[in-house]
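Everything on this sheet refers to the single structure shown next.
The values are calculated or read from the model by the stated rules, or taken from the named source; none is laboratory data. Owing to the predicted nature of the structure, the values given are computational and were not obtained by experimental measurement. Cβ atoms come from the backbone with ideal geometry, glycine included; neighbour counts cover every protein chain shown.
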Amino acid sequence: MWRPQAVGENEPKEVTFLSEVEYGPLAHLYDALNQAARDYGQQVRLIQETLDRWGVGRGARLLDLACATGLHAHRLAAAGHRVVGIDTSIPLLRQACAKANGTSRPSFLCQDMRALGLRAGVFDAVYCLNHTLNYMVTNRDLAGLLAAVWRALRHGGLFIFDFISYLDPSDWQGQWRDTCETADLQVRMTHRYTTDWLKQTCVDRHTYEVRRRGRRTRHQGTDRLRVILVQDLLLHAEMAGLSPVHVCGKWRLDDPVGQTGPVVIARKAREAFTGAHS
Ligand SMILES: C[S@@+](CC[C@H](N)C(=O)[O-])C[C@H]1O[C@@H](n2cnc3c(N)ncnc32)[C@H](O)[C@@H]1O
């Protein structure tokens, strides 16, 4: 069971953490930790509903940016789509590949989403879920990612993404703890957020204490996150030629945006904004 809790407060908050240690030393626990925190089935339904609403049929070519162990990619491939997943974490990609069975398997590649080496203009939709955009700390990172998505999509193709954008600035500051417990696993996590408001970046120092089959281990990591304001990101997307067509809450197309941020559906426009007004 997943019990997020703000230290010193009684009210539980719905907060989902990112962690560098989950992509390396604890990659073997990625599915246990993340499936306890998130409903991947619901997220895949949102992708499918988006494809249906914006006229992308079955058998679509999909690109999963930062696919991790393929929790979305495998489900969408099983539903008949042709899915390519990319990520930079080899331990996570190994698990993604090991899960492949049946005939409709995704392809997994080790690539950096800020500089994709894929054929241009072939994907009907690109998705990037569970706050991965918050990793695009510099404007160069973000611009690289948006340009890579624009190139990968066919004209009119869809970009589906979410990010953390807390409504209360104090949520970007201070210490948080949460716990994940299953029958044979207990993980206690502590996160300390330190935010530089001028640079709009947050440093998340975290410690994971793992107890599994009688063994205890301790892991520490540091993530740098972009503090994203919704309107800013919509503008970045628009200027990159990815026009937002829908903004909703996590994880239904008709939900209002909640306290942790939105899901955005954008569509590839013909041109990216070059800065030259005529
Ligand atoms: C918050 S996880 C989300 C993973 C997956 N989308 C999911 O929902 O389970 C972030 C992922 O981004 C990957 N990642 C971070 N920086 C990346 C980059 N520059 N290019 C590709 N993948 C990256 C990490 O390895 C990790 O798998």
Review point. If Phe108 satisfies every condition in (1) more than 10 Å from the ligand (Cβ to nearest atom); (2) in contact with a Leu (Cβ under 6 Å, 6 or more places away or on another chain); (3) more than 22 Å from His81 (Cβ to Cβ) but one, which is the exception?
Key: (3)
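Looking at the structure I just gave you, is Ala32 within 16 Å of the ligand (Cβ to nearest atom), closer than 30 Å to Met189 by Cα and assigned by TED's automatic domain parsing to the domain that holds Ser107? Before you say what the answer is, go through the steps one by one.
Details: within 16 Å of the ligand (Cβ to nearest atom): yes; closer than 30 Å to Met189 by Cα: yes; assigned by TED's automatic domain parsing to the domain that holds Ser107: no.
Answer is no for this residue.
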Exercise for review: Would you tally the residues in segment 19-67 being in contact with an Asp or Glu (Cβ under 6 Å, 6 or more places away or on another chain), surrounded by 19 or more Cβ atoms within 10 Å (Cβ to Cβ) and closer than 24 Å to Val264 by Cβ?
Suggested key: 4
Practice item. Look at segment 82-98 and say how many of its residues are under 20 Å from Ala37 (Cβ atoms) and either within 7 Å of the ligand (Cβ to nearest atom) or of a type in the set (Ser, Thr, Tyr) (or both). Key: 3
Review point. Can you tell me which of Tyr208, Tyr193 is outside the structural domain of Pro262 (by TED's automatic domain parsing), in contact (Cβ under 8 Å) with a residue 60 or more places away in the chain and of a type in the set (Phe, Trp, Tyr)?
Key: Tyr208
Check your understanding: Can you name every residue in segment 115-136 that is within 14 Å of the ligand (Cβ to nearest atom) and over 14 Å from the mean Cα position of the chain (by Cα)?
Key -> Ala115, Leu116, Gly117, Leu118
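When the residues of segment 182-230 are filtered to those that are among the charged types (D, E, K, R) and closer than 14 Å to Leu33 by Cβ, which remaining residue is nearest to the chain's Cα centre (by Cα)?
Keep residues of segment 182-230 that are among the charged types (D, E, K, R), which gives 184, 188, 192, 196, 199, 204-205, 209, 211-213, 215-216, 218, 223-224, 226.
Subsequent filtering for residues that are closer than 14 Å to Leu33 by Cβ retains 184, 188, 209, 211-212.
Numbers: Asp184: 27, Arg188: 22, Glu209: 24, Arg211: 27, Arg212: 27 Å.
Only one residue fits best here, namely Arg188.
What about Ala79, is it more than 17 Å from the chain's Cα centre (by Cα) and away from the ligand (no atom under 16 Å from the Cβ)?
On the way: more than 17 Å from the chain's Cα centre (by Cα): yes; away from the ligand (no atom under 16 Å from the Cβ): yes.
Considered against the rule, which asks whether it is more than 17 Å from the chain's Cα centre (by Cα) and away from the ligand (no atom under 16 Å from the Cβ), Ala79 comes out as yes.
Go through segment 48-76 and give me each residue that's within 16 Å of the ligand (Cβ to nearest atom) and not in a helix (DSSP H, G or I). Can you show your working first?
Applying the first criterion (within 16 Å of the ligand (Cβ to nearest atom)) to segment 48-76 yields 48, 50, 62-76.
Across segment 48-76, the qualifying residues are Leu62, Leu63, Asp64, Leu65, Ala66, Cys67, Ala68, Thr69, Gly70, Leu71, His72.
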